[in-house]
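Here's the structure we're looking at; comments come further down.
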Amino acid sequence: MKRLKFAALSLFLLLLTACGGGERAPGLSGREPVGSMDLRYATQFSVDYYEGGYTEISIGEDRFLLVPEGAPVPEDAEIPVLIQPLTDLYLASSSVMDLFLRLDALDAVTMTSTSAESWTIPEIAEAVRTDEILYVGKYSAPDYEVVLDMNCHLAVENTMIYHSPETKEKLEALNIPVLVERSSYEPEPMGRVEWIKLYGLLTGRLEQAEDFFDQSVRQITEAEAEENTGKTAAFFYFTANGSVNVRKPGDYIVRMIELAGGNYALKDLESDNSGTTSSMNMEPEAFYAGAKDADVLIYNSTVDGGAASLADLIKRAPMLADFKAVQEGNVYCTEQNLFQQVSGTADMISDLRAVFSEDSERSLTYLYRLE
């Protein structure tokens, strides 16, 4: 029976896709906005307010009309319409889930594309484990039948979906709006955090979102170094094929290092900046030349689980024994939840500030020293 239902669903998708969506006219043709959302760092989205509580959201070339609960949908709205309250959301972008958690808005989320085993945030891992939030499969191949049966109001994807455009097309063919968040394109770390305002707007928790963001800005202001410490740092991990993955100059991690008063040891690294990735692989010899004299080494634990000790790290790459940071004991490893917790950006900058200023009294949140 399930195969028959899925076959019927596939035929429905094929017919809808063949029909096409037509041209999209302006969301509120001829109307002038009465205001816009105040954004301090974010550059990858904007929000315009209209009379009657209507809101137009712009993300790149995509636009959405947010209609307040109980209000009529304007006849001239020919962009995707989101009607509040938004429920049964499908969050395929794992970093977005953390911001919903900070807003106490997980009750609006019923689906994810990240399995319970892959979550490093305990509250979310437990919600997925108990099916409070359903794992519906990989982002590029979700169970469309389940997503449809759950009456999904909105799917939030990150830019990885552009590698699987047919998935986005199928969701939209099912009349499920797809919002592709572009926080990874933000040049400033706090620009990523400021996306919480968009999710606060969508869930009716804008005031809470603004309060959290303002608090993070105050914290980062306290952590931001008045003067550069002169300390250099490299952020890296070893790949399965033996190369070294490092951050590209200009990446948001590099910007965090700078905000905390440090300098990126590989700032002169030549890379192909035409890609969308924030990191690149380099040969061990090149990494040795660029990072041997760095004051601080930070090992990224995300891919391989990190290192238990300094000896463990040197065992993986004996060349590290020659590095200044290793000899002086200034090697750190990231906690695995770093990249799933955008809301912790200010804490990470505070950690880096403590490392560069040699503040041994401050407890670290996302870093630990390798002994």
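The values are calculated or read from the model by the stated rules, or taken from the named source; none is laboratory data. Keep in mind the model is a prediction, meaning the values are calculated, not measured. Neighbour counts run over all protein chains shown; Cβ positions are idealised from the backbone, glycine included.
Brief remarks on what is shown
- For Ser363, the conditions (1) under 27 Å from Val193 (Cβ atoms); (2) more than 20 Å from the chain's Cα centre (by Cα); (3) not in a loop (DSSP other than H, G, I, E, B) all hold with the exception of (3).
- For Leu16, the conditions (1) surrounded by 15 or more Cβ atoms within 10 Å (Cβ to Cβ); (2) modelled with pLDDT under 90; (3) assigned to a loop (DSSP other than H, G, I, E, B) all hold with the exception of (3).
- Taking the numbered list (1) surrounded by fewer than 22 Cβ atoms within 10 Å (Cβ to Cβ); (2) at pLDDT 95 or above; (3) over 23 Å from Arg353 (Cα atoms) in turn, Ile196 passes all entries but (1).
- Any hit, segment 340-347, residues being surrounded by fewer than 20 Cβ atoms within 10 Å (Cβ to Cβ), hydrophobic (A, V, I, L, M, F, W, C) and either out of contact with any strand residue (DSSP E or B) (no Cβ under 7 Å at 6 or more places or on another chain) or more than 18 Å from Met256 (Cα to Cα) (or both): no
- Screening Ser95 with (1) more than 22 Å from the chain's Cα centre (by Cα); (2) under 23 Å from Ser46 (Cβ atoms) gives one miss only, at (1).
- Annotation note: of Glu132, Glu126, the sole residue that is assigned to a loop (DSSP other than H, G, I, E, B), farther than 28 Å from Arg247 by Cα and either modelled with pLDDT under 95 or of a type in the set (Asp, Glu) (or both) is Glu132.
- Qualifying positions in segment 138-160 - buried (at least 21 other Cβ atoms within 10 Å of the Cβ) and either of a type in the set (Val, Ile, Thr) or free of Cβ contacts under 8 Å to residues at least 24 places away in the same chain (or both): Val147, Val156
- Residue list for segment 326-352, restricted to those being touching a residue at least 60 places away in the same chain (Cβ under 8 Å), out of contact with any Phe, Trp or Tyr (no Cβ under 6 Å at 6 or more places or on another chain) and either farther than 28 Å from Phe100 by Cβ or among the aliphatic types (A, V, I, L, M) (or both): Val342, Ala346, Ile349, Leu352
- Count - residues of segment 36-91 that are part of a loop (DSSP other than H, G, I, E, B), farther than 21 Å from Leu171 by Cα and free of Cβ contacts under 8 Å to residues at least 40 places away in the same chain: 10
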